[in-house]
Amino acid sequence: MQGREQFATRFGFIFAAVGSAVGLGNIWRFPYMLGENGGFAFLIAYFICIALIGLPVLLAEFTVGRRGQSDAINSFENIKAKSFGKIGGFLGVLSGTLILSFYGVIAGWVFYYLFSYLTGAAGNVESGGFEGFFGDFIASSVGPVVWQFLFMVVVIGVVYFGIKKGIEIANRTFMPMLAVLVIILAVFGLTMDGAGEALSFMFSPDFNALGDINVWGAAVGQAFFTLSLGMGAMITYASYLPKDSRLPSAAGTVVVFDTFFAVFAGLMIFPIVFSFGMEPGAGPGLLFMTLPEAFGQWGLGGTIFGIFFFLFVGIAALSSAISLLEVCVSWAMRRFNAGRKPTTLIAGAIVTVFGFLSALSQGAIPALTEMKLFAFLNTEGATITFLDVLDKFTAQYTLALGGFVTALFIGWGWNKVEALRETGLQDTTLGNLWIWFLRIVAPAGILYILITNLISMLTQ
């Protein structure tokens, strides 16, 4: 049987891991979470959660993947047979599959907007008309499915060609492009009239808001979502690493770049929002209604900005979606002893077809648009769409549970000496701190948020 694939270079792995982390979580999710949760208070909570929970769990997932040298489930089994860690791997594959199914839908919306700006259709929308423009599109029974399908074809095509010729090459192309685009767009944003108000919103201390448990819950969920934790992606990617790769520096690099993209996305978006007197807590509609309304007030300049903006968002979405599909493909290749190419086509087709349910849940099929049976997942107690069911179920529960199990596996289930030796942190204070963070701090924080989410759900 052919040996396991590997990344050609360490930088190839770093680019791929950063590409997995940098996606819609940074650009679509982070700004509206920041807006909904008080700006700077959420930013502080997010930084703390990244440092105390996100980074230790990310390094844990890297460690499991490289040592296990298999998919997200079997890597745990290869380290310690019949271990509870397999539960974390199972949750990772489940979460990655569910997230990709609706992630492809939202990414399809992004590419539709890019196409609309390129063709001039978005530039011709009258002031105040983007709510209808967006609403009519997502409620259609054809458009959202077509654009989701086209996006998934690209994702499947990259994964089809494997680690070196597909995933590594794609990410080594995407990441520098993303860095250049986000810096240019952020610098342009900071020249606008609303830049001062945006900087105040993002960085002015408001420590009172840190007493709100909802802010911390949102911060933990965002940390997991944006770092691709609990999705099996980082375990899978690390399994393609050679043994001489330095895991702590790789984890630190991913966290730094991911945070860089998230903060710069805020610097790119909020000056526009405040310049035009719009609401920073506009929710998910910030990306598809609020910002395009602002772009529309610039005329031709707004159309050009819209093209570059949605190109940036689209590339970020691609890099993350590729890693999510690889989780499914890696597991299926091992489980069914099949080759990469047929497995990629079959797994990609299954996820795409399942994603049609989310694509049609925004108005095309009433039964999927108002899922009263799952209203308990919505903290506002209202009906909820099928897409939102998957989003909330994964973001609030399965991702955190997967990270919780992984932390406990490294901290308590695996031999401490072996775990530290695998990371190169043996006989170091940093290594001992990492183990204790995984034993106590990360599980306690994750468990607290999970319990809070459950209480909120049951008492709404």
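The values are calculated or read from the model by the stated rules, or taken from the named source; none is laboratory data. What you see is a predicted model, and the numbers here were worked out from it, not measured in a lab. Cβ atoms come from the backbone with ideal geometry, glycine included; neighbour counts cover every protein chain shown. Please note that ligands, DNA and RNA were not included when accessible areas were found on the heavy atoms of the full protein model with its side chains. Shrake-Rupley method; radii C 1.70, N 1.55, O 1.52, S 1.80 Å.
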Computed helical MRE - 222 nm, the chain, DSSP H runs ≥ 4 contributing -39500 (n - 2.57), nearest 500: -21500 deg cm²/dmol
Rounded to the nearest 20 debye, what is the charge dipole size of segment 141-250 about its Cα centre when +1 sits on each Lys and Arg Cβ and -1 on each Asp and Glu Cβ? 700 debye
Can you give me the Cα centroid spacing of segment 235-291 and segment 59-130 in angstrom? 14 Å
Would you mind working out the accessible area per residue for the chain, using a 1.4 Å probe, and quoting it in Å²? 38 Å²
The alpha-carbon center of segment 297-358 and that of segment 1-53 are separated, in whole Å, by 16 Å
Give the residue from Leu91, Phe76, Leu118 lying farthest towards the positive end of the charge dipole for the chain; charges sit on Cβ (+1 for Lys and Arg, -1 for Asp and Glu) and the dipole is referred to the Cα centre. Phe76
Debye calculation, C-alpha points only, no solvent: report log10 I(q)/I(0) for the chain at q = 0.07, 0.08, 0.09 Å⁻¹, in the same order as the q values. -0.32, -0.43, -0.55
Starting from the Cα coordinates of segment 244-391, work out the convex hull volume and express it per residue in Å³. 199 Å³
Treating only Lys and Arg (+1) and Asp and Glu (-1) as charged, each at its beta carbon, one finds that the chain has a dipole about its Cα centre, in Debye to the nearest 20, of 2040 debye
I'd like the carbon and sulfur percentage of the solvent accessible area for the chain, probe radius 1.4 Å, heavy atoms only, ligands and nucleic acids excluded. 66 percent
Lys and Arg at +1, Asp and Glu at -1: neighbours of Leu408 with Cβ under 15 Å from its Cβ sum to +3
Classify segment 102-188 from the C-alpha gyration tensor, please: rounded if a/c falls under 1.5, else prolate or oblate depending on whether a/b exceeds b/c. oblate
What longest region of the chain stays clear of chymotrypsin sites (Phe, Trp or Tyr not before Pro) that DSSP places outside H, G, I, E and B and that have at most 16 other Cβ atoms within 10 Å? 162-297
In whole angstrom, note down how far apart the Cα centers of segment 384-460 and segment 131-184 are. 29 Å
Enter the mean projected area of the convex hull around the alpha-carbon atoms of segment 359-442, in nm², rounded to one decimal. 7.7 nm²
Choose one of Val405, Trp434, Ile346: the residue whose Cα lies farthest towards the positive end of the charge dipole of segment 303-457 (beta-carbon charges +1 Lys, Arg; -1 Asp, Glu; about the Cα centre). Ile346
Inter-probe distance in nm under a simple model that places probes 7 Å from Cα toward Cβ, at Gln426 and Lys243: 1.2 nm
Report the full-extension gain for the segment Lys82 to Trp412: residue separation times 0.36 nm, less the Cα-Cα distance, to one decimal in nm. 117.3 nm
Straight-line reach only, C-alpha to C-alpha below 30 angstrom: list the lysines that Lys372 could link to, leaving out same-chain residues fewer than 8 apart. Lys392
Determine how large the accessible area of Val256 is when every protein chain is in place; take a 1.4 Å probe and give Å² rounded to the nearest 10. 100 Å²
State, as an integer percentage, the relative contact order of the chain based on alpha-carbon contacts under 8 Å between residues 6 or more apart. 33 percent
For Lys80, the accessible surface traced by a 1.4 Å probe with all protein chains present amounts, in square angstrom to the nearest 10, to 100 Å²
Using the Kirkwood radius over Cα pairs of segment 177-324, the Stokes-Einstein translational diffusion coefficient at 20 °C and 1.002 mPa s, in µm²/s and rounded to a whole number, is 124 µm²/s
